[in-house]
């Protein structure tokens, strides 16, 4: 048996991770990163001569659940054609048996990195733009379930993209109201029996879903074998942490959006207390992150609109201000008019005083 | 015991090795134990040398003794794949056996093992000197386990390529992927050396790497104790859980 030095073992191990792209139009260039399900590779599309990103399942022997989940992610992305959601170009199985999909290469920074250098008001405007693709997804009955700053990319031209839909839950919108964004759910498990989602021995069994896509419906979800509650600690809503899959709806994403907003309000250590500590903004976070689902915003549009109202100097729905706060806000919002009125009153006063002499 | 790099003497069914080693059929059991010994003796020997800081001769005796006992006694009968990795179980057995021998001062009995296994300790000693030893002995055991896995997979690939008349494919793989970084040839140099087209070099490497990947996974089957362990290790080797 030939002795393999450490360097060769490392090289072979890296080679093992490289997807076998023989027979495809892609050529692997560089490992961009890896996550729970697989790796993301920078690749060259040899036909269209452009760089793309390939998301590849980790091992060909991985469970069918993971392969189905990756494929479901590709199908979800394909259905969500929106400027704020990365487009998928291709999907399939590689020669080595691994499931993959090809998507647009997104170059930019994650939200947490990008937002660090921005003033508060720009961070809030950025937050509003995250809400747009999310609202679109919700209108299509898809819940992201893993929203966090690391899953939001900001491109070189300021474009905002919501990434990593691998944990997305597809809901059947039996009644969707565009006014309230309320979506009620009907789920069918893989055996065809109607049920709500269940959590058994730490394994979440997601369901076959009668989706809102008509004849082009998403393939039924099969069981996921993660063995843990799906999501990221710190951004998961209480119902998600408890594994109450049947309760999860768009308000679960709204909780995560509240967490994102909270992280965007954080100032660098040592910064003086500023606008980010304002009560209306804190109240918006608190409402979005309410433990009670019914106490949260009903839709992501409502949340974004409240942030918009704050930016416009209007009262926000999440916070009832007192008379002093209201006055201060009105003064702040109408600063020019207030200065002109005060100047006018001051001139009048001077006029009266001088005319009496 | 003659090395069995290909491992094809043992029918490759999922976790047949551990199951057969725990079984009653003496012939199957013996072949399974050969496969386990072949996969594990190097990490065991090197681990003992480092962990217990014993002299070379003592480590050789202990390794012989350990695998003899594994063959003769029902060591593996107490292994439950649901409770942990096979290699962790074996490492625990090593530590326990070593401590027992120290306590009972029975080390002189090691030479009396009924079964003598032919193991190339000279080679293992050279390898030990050539490898870097950072971290704990347990980490080193894990590292050696991966090294042995890959080395056995390379041998498996060599035998398979030879049998399939793909010796050039293996030779290209060996020169390019198993050579030193400093002397790594270019694709053109390889094409000249083997008198093939440059595009063939690419194709041969793709073929060999794909087959190598299969060999690693096949070897991994032989070195793990359960489907769950195999899946976990495969994912770790393929990078998802790699640190």
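The values are calculated or read from the model by the stated rules, or taken from the named source; none is laboratory data. Keep in mind it's a predicted model, so treat the numbers as computed, not measured. So basically every Cβ, Gly included, is an ideal-geometry build from the backbone, and we count neighbours across all protein chains shown.
Against the test of being within 14 Å of chain B (Cβ to nearest Cβ), more than 22 Å from residue B:216 (Cβ to Cβ) and not in a helix (DSSP H, G or I), the options A:30, A:107 yield a single qualifying residue, A:30.
Rundown of residues vs (1) loosely packed, with under 15 Cβ neighbours inside 10 Å; (2) more than 8 Å from every other protein chain (Cβ to nearest Cβ), yes/no style:
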site	(1), (2)
A:2	yes, no
A:7	yes, no
A:11	no, no
A:49	yes, yes
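For segment A:33-47, the candidate set comprises residues that are part of a strand (DSSP E or B) and within 13 Å of chain B (Cβ to nearest Cβ); within that set, the residue that is surrounded by the fewest Cβ atoms within 10 Å (Cβ to Cβ) is A:33.
Residues that are surrounded by 16 or more Cβ atoms within 10 Å (Cβ to Cβ), in contact (Cβ under 8 Å) with a residue 24 or more places away in the chain and within 12 Å of chain A (Cβ to nearest Cβ) occur in segment B:183-206; there is at least one. Exactly one residue out of A:91, A:28, A:95 is touching a helix residue (DSSP H, G or I) at 6+ places or on another chain (Cβ under 8 Å), farther than 16 Å from residue A:151 by Cα, at pLDDT 85 or above and not assigned by TED's automatic domain parsing to the domain that holds residue A:143, and it is A:91.
In a residue-by-residue description of segment A:16-25, the property of being more than 10 Å from chain B (Cβ to nearest Cβ), farther than 20 Å from residue B:237 by Cα, within 35 Å of the chain's Cα centre (by Cα) and outside any helix (DSSP H, G or I) applies to at least one position. In the condition set (1) buried (at least 20 other Cβ atoms within 10 Å of the Cβ); (2) more than 8 Å from every other protein chain (Cβ to nearest Cβ), residue A:87 is compliant with all but (1).
Could you tell me whether residue B:80 is over 21 Å from residue B:142 (Cβ atoms) and out of contact with any helix residue (DSSP H, G or I) (no Cβ under 8 Å at 6 or more places or on another chain)? So residue B:80 does not fit the description; no. For residue A:70, are the conditions met, namely being assigned to a helix (DSSP H, G or I) and either more than 10 Å from chain B (Cβ to nearest Cβ) or crowded, with 16+ Cβ neighbours inside 10 Å (or both)? Considered against the rule, which asks whether it is assigned to a helix (DSSP H, G or I) and either more than 10 Å from chain B (Cβ to nearest Cβ) or crowded, with 16+ Cβ neighbours inside 10 Å (or both), residue A:70 comes out as yes. Consider residue A:76 carefully, then state whether it is outside any loop (DSSP other than H, G, I, E, B), crowded, with 20+ Cβ neighbours inside 10 Å and more than 10 Å from chain B (Cβ to nearest Cβ). Taking the combined requirement at face value, the residue satisfies it.
Being within 20 Å of the chain's Cα centre (by Cα) and either in contact (Cβ under 8 Å) with a residue 24 or more places away in the chain or assigned to a loop (DSSP other than H, G, I, E, B) (or both) is the requirement here; does residue A:303 meet it? Spelling it out, residue A:303 is indeed within 20 Å of the chain's Cα centre (by Cα) and either in contact (Cβ under 8 Å) with a residue 24 or more places away in the chain or assigned to a loop (DSSP other than H, G, I, E, B) (or both). Here segment A:247-285 is the region considered, the condition is being modelled with pLDDT of 85 or more and farther than 21 Å from residue A:307 by Cα, and the residue that is surrounded by the fewest Cβ atoms within 10 Å (Cβ to Cβ) is A:247.
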